[in-house]
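Asks: Structure incoming, see below.
The values are calculated or read from the model by the stated rules, or taken from the named source; none is laboratory data. These numbers were taken from a predicted model, which means no experiment stands behind them. Ligands, DNA and RNA are stripped out before the accessible areas are found, and what is left, the full protein with its side chains, is counted by its heavy atoms. Shrake-Rupley method; radii C 1.70, N 1.55, O 1.52, S 1.80 Å.
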Amino acid sequence: MSWLENSIMARKGLAKGQARSSHSITEADQGKYHYVYGPYVEPVLTVDPGAVVSAETHDAFEGQIQHETDKPSEILNFPFLNPQNGPIFVNGAEKGDTLAVYIKSIVPRGPQPRGTTVIMPDFGGLVPTGDTAMLNAPLPERVKKLHIDENGTKWNDKITLPYEPFIGTIGTSPEIEAISALQPDYYGGNMDLPDVGVGAVIYLPVNTQGALLYLGDCHAAQGDGELCGVAIEHPTVTTVHIDLIKGWSLKWPRLETENFIMSIGSSRPMEDAARIAYRDLIRWMAADYGFEELDAYMLLTQCGRVRLGNMVDPKYTLGASIKKSFLV
């Protein structure tokens, strides 16, 4: 039996984690990709719980950087980065519910070299930025184009990185705000968290009718922190399975895999993101797994794990997790 059959999604979802319909969003279907999470655009697709949706995602630059001689500062129009598929309207979803999204597959598409990573002025973890103001001159721009297939990413003649794809930006619409797809927050967004990959279920708070799910910005590989600010960006066909959990009200995104559960927090400074994630995990352990809060606090001090998603976005993202084997 697959672990998914006993997941929270299968136990609590309206569709019981079962696939009930199939849909696709091609580039033509999507038309205009979105750079903002908000409730003010028409859904590109309406589905019932149990829908399996395959979406043709763009890379973070919507394919505009094509050559290693390109200068990102002359091509890109900030903040029009991280194009998003959707929104997808989920019938029956209301504020206070939770959307469960199982990531079935992420397959690279497009002509080679389909992967892109860059160094951009005033952006990255080890450079001065608008928020971290310094007198140092910006680093020189650099573009690296990469061959990507499901066997890996060819960095050079000696190094091939494993293909470990994940969704860099996924979330539901805020109730009233319209927020840049570059920013992570309580609704998900640009978390850049490698655990949001194939085989995981991400649980997202529903803030408005229909949930309005957005996704995009898939990465072929990324180290913890997304250090220079840009992972290995690539266009994909990403397939997700959507279910709806009524009455399970989340403050922050949560994630489940075969081996662990994780709470996700985004904030600045970084330690506040860790506090958000760990506090939510403690409250989750108390509400659903029978722990007393202070005992969970002490236990996580000994066996909790923190994953750094990004240290470069307007807010930093961390995931706090515990192995399921400790939740007996």
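Asks: Project the alpha carbons of region 174-328 onto their principal axes and report the range along each, largest first, in whole Å.
Replies: On the principal axes, region 174-328 reaches 43, 36, 28 Å in Cα extent.
Asks: Just the number, please: carbon plus sulfur as a percent of the accessible area of the chain, 1.4 Å probe, no ligands or DNA/RNA counted.
Replies: Of all accessible area on the chain, carbon and sulfur atoms account for 52 percent.
Asks: What is the distance in Å between the Cα centres of region 30-69 and region 159-211?
Replies: 12 Å
Asks: Something else about it: Among all the lysines, which ones have a C-alpha under 18 Å from K144's C-alpha, if same-chain residues fewer than 8 places away are not counted?
Replies: K71, K154, K158
Asks: While we're on this one: Using only Cα atoms, what is the ratio of the radius of gyration of region 65-183 to 2.2 N^0.38 Å?
Replies: Compactness ratio reported: 1.34.
Asks: Turning to a different aspect of this structure: Assuming a viscosity of 1.567 mPa s and a temperature of 4 °C, what translational diffusion coefficient in µm² per second does Stokes-Einstein assign to the chain, Rh being the Kirkwood radius over Cα pairs?
Replies: My calculation gives 65 µm²/s for D.
Asks: Angle check, please: helix 270-289 long axis (alpha carbons) against the longest principal axis of the chain (alpha carbons), in degrees 0 to 90, nearest 10.
Replies: Roughly 30 degrees, rounded to the nearest 10.
Asks: Let me ask something additional. Excluding same-chain pairs closer than 8 in sequence, count the lysine pairs in region 236-328 whose Cα atoms lie under 24 Å apart.
Replies: Summing the qualifying lysine pairs gives 4.
Asks: Still on this structure, I have one more. Mind computing the radius of gyration and Dmax over the alpha-carbon atoms of region 148-240? Å is fine for both.
Replies: My reading of the Cα-based Rg and Dmax gives 14.5, 51 Å.
Asks: Let me ask something else. Normalised by the empirical 2.2 N^0.38 Å for globular proteins, what value does the Cα Rg of region 53-122 take?
Replies: 1.48
Asks: GNM, the chain, Cα, under 10 Å: largest mean-square fluctuation among G171, G197, G125?
Replies: Highest fluctuation among the options: G125.
Asks: For the chain, what does -39500 (n - 2.57) per DSSP helix run (n ≥ 4), summed and divided by total residues, give at 222 nm, in deg cm²/dmol to the nearest 500?
Replies: That calculation yields -4000 deg cm²/dmol at 222 nm.
Asks: With springs only between Cα atoms under 10 Å apart, run a GNM on the chain and tell me which of G216, G31, G188 wobbles the most.
Replies: Sorting by GNM fluctuation, first place goes to G31.
Asks: Angle check, please: helix 293-303 long axis (alpha carbons) against the longest principal axis of the chain (alpha carbons), in degrees 0 to 90, nearest 10.
Replies: Relative to the chain, helix 293-303 is tipped by roughly 50 degrees.
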